[in-house]
Amino acid sequence: MSLSYYIYYRVAQPTRAQAMVREIQSELKTRTGVAGRLLQKRDDPKTWMEIYEGVEEAAAFEQCLASAVQAVNFATALEAGGVRHLECFEDRCA
């Protein structure tokens, strides 16, 4: 079963946050083979979404993601009191 992860949040420091996301995505690609995308909300440039599709090993991916986010201390790039919201969907048509 293939899973897709959608992670959304609001950033306070866009330049810093973008560098951190690129580092997280590079680590995930290297360790899990899953490439990520980064989107910015059209009418709200501080709302971002990371998308990771084609995840086969959920536990390994989630552990690697958590480790990569912690390693760059991503919380420091979020708006005050902000959090990363993670949603996971499975492909029912595959």
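The values are calculated or read from the model by the stated rules, or taken from the named source; none is laboratory data. Quick caveat: nothing in here was measured; it's all calculated off a predicted structure. Cβ: placed from backbone, ideal geometry, glycine included. Neighbour counts: every protein chain shown. Just the protein is used for accessible areas: all its heavy atoms, side chains included, with ligands, DNA and RNA removed. Shrake-Rupley method; radii C 1.70, N 1.55, O 1.52, S 1.80 Å.
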Q) When you go through (1) open to solvent by less than 20 Å² (accessible area, probe 1.4 Å); (2) in contact with a helix residue (DSSP H, G or I) (Cβ under 6 Å, 6 or more places away or on another chain); (3) free of Cβ contacts under 8 Å to residues at least 60 places away in the same chain one by one for residue 11, which number turns out not to apply? A) (3)
Q: Go through 29, 46 for me and flag whichever is open to solvent by 70 Å² or more (accessible area, probe 1.4 Å) and in a strand (DSSP E or B).
A: 46
Q: Being within 18 Å of residue 61 (Cα to Cα), out of contact with any Asp or Glu (no Cβ under 6 Å at 6 or more places or on another chain) and of a type in the set (S, T, N, Q) is the filter here, so list the residues in the stretch 1-46 that pass it.
A: 25, 26, 30, 32
Q) Going through the stretch 49-67 one residue at a time, which ones are among the acidic types (Asp, Glu) and either assigned to a helix (DSSP H, G or I) or exposed (fewer than 12 other Cβ atoms within 10 Å of the Cβ) (or both)? A) 62
Q: Kindly indicate the residue of the stretch 32-43 that is exposed (fewer than 13 other Cβ atoms within 10 Å of the Cβ) and over 23 Å from residue 81 (Cα atoms) and also farthest from the chain's Cα centre (by Cα) among those meeting that condition.
A: 33
Q | Odd one out for residue 23 among (1) open to solvent by 70 Å² or more (accessible area, probe 1.4 Å); (2) assigned to a helix (DSSP H, G or I); (3) more than 16 Å from residue 2 (Cβ to Cβ); (4) without any contact (Cβ under 8 Å) to a residue 12 or more places away in the chain | A | (4)
Q. Can residue 16 be described as in contact with a helix residue (DSSP H, G or I) (Cβ under 6 Å, 6 or more places away or on another chain), under 23 Å from residue 81 (Cβ atoms) and touching a residue at least 24 places away in the same chain (Cβ under 8 Å)?
A. yes
Q: Taking residue 38 as meeting all but one of (1) part of a helix (DSSP H, G or I); (2) farther than 13 Å from residue 3 by Cα, write down the number of the exception.
A: (1)
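Please find, within the stretch 26-35, the residue that is nearest to residue 2 (Cα to Cα) out of those that are touching a residue at least 24 places away in the same chain (Cβ under 8 Å) and of a type in the set (Val, Ile, Thr).
In the first step, residues of the stretch 26-35 are kept if they are touching a residue at least 24 places away in the same chain (Cβ under 8 Å); the result is 27-28, 31-32, 34.
Among the residues that remain, those that are also of a type in the set (Val, Ile, Thr) are: 32, 34.
On the way: 32: 14, 34: 11 Å.
By that ranking, first place goes to 34.
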Q: Could you tell me whether residue 87 is within 11 Å of the chain's Cα centre (by Cα) and at pLDDT 95 or above?
A: yes
